[in-house]
Structures are given as C-alpha cells and as structure tokens.
Amino acid sequence: MPNRSRCPVLVGVAVVQQHGSDPRDAAEPLVLMGDALEGAAEDAGARALLARADSIRIPRGFWDYSDPGRALAQRFGSGPARSCVAEIGVLQTTLLGAAARDIAEGRADVVLIAGGEARHRAQRARQLGVDAALTRLPPGTPDEVLRPHAEIISPLELKVGLGAPVSQYAVIENARRFADAQPLDSHRDAVAALQARASAVAALNPDAWDRMPHSAAEIRGPAPDNRMLAFPYTKLHTSQWNVDQAAGLVLCSLETARALGLREERFVYPLAVADANHMLPLAARRSLARVPGFAAAGRRVLAHAGLSIEEIRHLELYSCFPVAVRTQARELGIDEARPLTLTGGMTFAGGPLNNFVLQVLVKMASVLRADPGSYGLVTAVSGILTKQGVSLWSCGEPEAGFRFFDVTEETAREQAPVPLVESFDGPAQVAGYTVLFEGKCAVRTAFICDLDDGRRTLAASDDPALAELGTQAELCGRRVRLASGQVELA
C-alpha cells in the first residue's frame, strides 16, 4: 500500500505575463520565473514553502543562465535547495514525474518547478535598437543537469533543408493526410478548423498571449500577415514562442501540506506520469504518421488509475503544430471533435520554448479545482514528436498512489528504425514531403523516399514548378526517380 503521508500534491500554481512595448521596462526570464513561484506560493497559501524547497527544477529556455535554480534559491532564502536544469530535448513531464516521485519516495518534501521566457522583450529590443540584457550569474553548474541521449534531427534531414521544426512537422502532416486518404483541400480545411477552435478557446483565456479570434479561413492562408512557412503550414499553424511568459508550480508531500494547514479543496494530485524516451529521427521512422509512444504512455497512466479515456473530462494535448494534436488524439483514442485544449494551444495561448506544459498545469489546476471529482490529462512532446509524455491529474487523493512510468523499451520495440542511406540514384516512392517557402515563393521541395529494397533516403528539388505542384496535388505515394540528390516525378 502506498504511504499516504508521502503522496505528492500540487498545492500552488501561478503564471506571469508581460506585454510591454518598451523592453527596458520589462522583466527578464529569471525575474519572471521568480515572480511566478512567488505567485504559486501565495496561491498555496504559504509563502514559507519557498524557503523550505528541497529542490528547484527548471526547463532550459532561450536564456543562458548558468544556474538559475541556485539564483532563485538565494532569492527565496532556500539555500540548501538542489538546483536542476532540464536541457532542450528533455520532456517537461520528466521534470514533473521525477519531482512527484522524489516526494513519494521521501527524497524531498517541497519541490519548486518554474520555466519562463522573455522572447518578446528581446524581439522588441532588437526592433528599437536598445539593450535588454540578461543577468550574468556567477560561474557554476546546477546540481543536476538532464540531457537527451541522442540526436533529434539527423544530418541527412539537415542536408535537404528539414532543419526547422515547422518543416519536419509539415512532412508528418502531409504523411498523415496521405495515410488518411484525405484530399488536399479538405485536409487543409480540417487543419485550419482545428486551429480556429483553439483560437476560440484562447479568446476566453485571460492568460493567453493572443486573444484575438482567428477564423479557419484566416488561418488557412496565406496572407500578408500570415505567410506560408512549409506546406501546408502558415504562421498561424505554428507555435508562438516570441512571448514573455513564466509559470511556477509548488509541489509537496500531503503530510507537509496538512502540517502547514493548506486548504485541501485546492489540492491537485498527480495520479501518474508516463514517458517514452526512445529517440528516433523522423526519417528513420517506418510510419511517419504514427507515434506509438503516446499509445503506450496513455495505456499505462489510465490503467494505473483504473480509468478509460472517455472518463477524462479535461484535456490539453501538446500543440506545437496541428499534426501533433491530431496524432496524439489518434494514438490515445480521443475523438478529434472533443475540446482538446483548455488554454488555446501554443499558437494562441503562447508557446514558450520549453515551458508550455507548466503553463498548462496552472490552467488545469484551476479547472480541476472548479470541477471536483473530474480528471485531467496533459501531454508533452519533445523534439519532432520524438519523445512523448502523458500525465493524469485530479483533485481526489489517489487510491493507488502516484507512479512514474517509463515506457521507452515498449515504444522502441514498436518503432524499429528504417535503414537510411545518404544518397541513392534510381527509383523510389515518396513517403513524405513538404514545400519550403521564401517570402511568397515556393522554392524547394524536400522528400523522404522509400527505396524498393526497404531502405530509405532523403532528397530535395529546387524546381519551382515541382514545388508549386506539391501545394496543389498529392505527392505522397508518387513514384520518383532520384539522381544526384535531385528528384523527378516518374
């Protein structure tokens, strides 16, 4: 039986956001993170939690602070607290799951988690030609640094122009369309409609970065202020990371929360977290449209709680790009017509680089507190749908206790890599593609191609006519001839 006194509980949450036009008056990320944690402690009803922190854990952002957790510990007077930074490529659910597990197993009583960005501040500083410097912390390294164990994007993908996340996700989106046998126009309509529904949610979310409603027709684009980036994605399909946002979470043991006299009706319990950390570059995945790690992670957390997906009332599916949402819904058995976001998603609510899941949990906590007895599910993605995380939350104390599952090996068995070859001349079949743009012009088509012997290669064409064709007709499944890295339709 689980030790109920050690049950981890999320007792305080807060977000901080700034929209100032003068970057000289705007706070930097470290200050925003500290303010968010102070707000979270106030939300919990015990500022003393900050000084009692055993650890302060932070996902890496665009900033280059040497040891931000140590700086925050000094701000709060929690000097002995261990500091941790999770580098890009580490799931945000990994931070959450490890924090909850450390509490459950007695290694910590109070854990602070914060993340923040001030990209809008930096962007405005460049536009105005003024300084928006970051504090230079003393040299040092965190007590713990979490790093990914393999590459996210392969050299072959970089070689053909698939280096940006939007281009890689566009390849997945097109492969998903082909797998679903959708015509191009109806597919673009469906994807734009999905984004428009998220925009409508953001319009009602006071913490969303962009609360202007955007219609499906506006999102589908392109337009002067909504340029095409990688077919079929426009700017309004993509995560908005030029934001000034921070989130703070305070977790502690149930024993500590009760000893401090905190209000139990505001407690939010992590029931289970499951991570799949198998890392495979996009081009090496046999099915470009499948992400089996989500199915495995979803099964594990639901089974632990004794629930079905239909019993989960509140959902936030990680939303860096539309295909991420659609693929998660498919793998988790969620009807795509259901509300899939509480915040408005990363395009409209705001998508700070490595911090969105923390922003979501602030909203999820508020929703669960207002709907006692309900359950909430929050997902996480790292890389190009490379890693998958699923977390389950409730205001009810879990009967089975908290568990942090690792489904990496199970995922690896379902996702054996396809052999890649650097170059190939001869016939092939298109597994996935996207058209890349410069300004209004379609300039390059990047292809992932299956060879007849079961191997795979990548190629690109700089033919503008082929690029234009790729925006009007289905190229997935087409036979092509590869020669010296270039592509011709067979």
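Observations, loosely collected:
- Only residues that are at pLDDT below 95 and under 23 Å from D244 (Cβ atoms) were counted across the range 351-392, and they come to 5.
- Pairs meeting the criteria (first residue in the range 326-344 and under 14 Å from H314 (Cα atoms), second residue at pLDDT 95 or above and basic (K, R), beta carbons under 6 Å, at least 6 apart or on different chains) are L342/K363; T343/K363.
- Residue count for the range 223-239 under the criterion of being buried (at least 16 other Cβ atoms within 10 Å of the Cβ) and either more than 22 Å from R338 (Cα to Cα) or of a type in the set (V, I, T) (or both): the result is 10.
- Failed item, numbered, when A170 is tested on (1) of a type outside the set (S, T, N, Q); (2) in a loop (DSSP other than H, G, I, E, B); (3) under 26 Å from V325 (Cβ atoms): (2)
- Residue in the range 393-415 that is assigned to a strand (DSSP E or B), surrounded by 18 or more Cβ atoms within 10 Å (Cβ to Cβ) and either hydroxyl-bearing (S, T, Y) or at pLDDT below 95 (or both) present: yes
- Answer residue from the range 41-66, given it is within 21 Å of the chain's Cα centre (by Cα) and over 15 Å from L146 (Cα atoms) and is surrounded by the most Cβ atoms within 10 Å (Cβ to Cβ) among those: W63
- Criterion violated by Y169 - all others in (1) surrounded by fewer than 16 Cβ atoms within 10 Å (Cβ to Cβ); (2) within 17 Å of the chain's Cα centre (by Cα) satisfied: (1)
- Number of residues in the range 124-166 that are polar (S, T, N, Q), surrounded by fewer than 16 Cβ atoms within 10 Å (Cβ to Cβ) and in a loop (DSSP other than H, G, I, E, B): the value is 2.
- If the condition is being touching a residue at least 12 places away in the same chain (Cβ under 8 Å), over 24 Å from L385 (Cβ atoms) and part of a helix (DSSP H, G or I), then the range 176-215 contributes A200, A203.
- Residue in the range 388-406 that is more than 30 Å from Q359 (Cβ to Cβ) and more than 27 Å from the chain's Cα centre (by Cα) present: no
- Residue-level analysis places V323 among those that are hydrophobic (A, V, I, L, M, F, W, C) and part of a helix (DSSP H, G or I).
- Look at (1) touching a residue at least 24 places away in the same chain (Cβ under 8 Å); (2) surrounded by fewer than 21 Cβ atoms within 10 Å (Cβ to Cβ); (3) out of contact with any helix residue (DSSP H, G or I) (no Cβ under 7 Å at 6 or more places or on another chain); (4) under 26 Å from R413 (Cβ atoms) and you find that A303 fails only one, number (1).
The values are calculated or read from the model by the stated rules, or taken from the named source; none is laboratory data. The shown structure was predicted, so the numbers you read here are calculated from the model rather than taken from an experiment. Note that we place each Cβ from the backbone using ideal geometry, even for glycine, and neighbour counts take in every protein chain shown.
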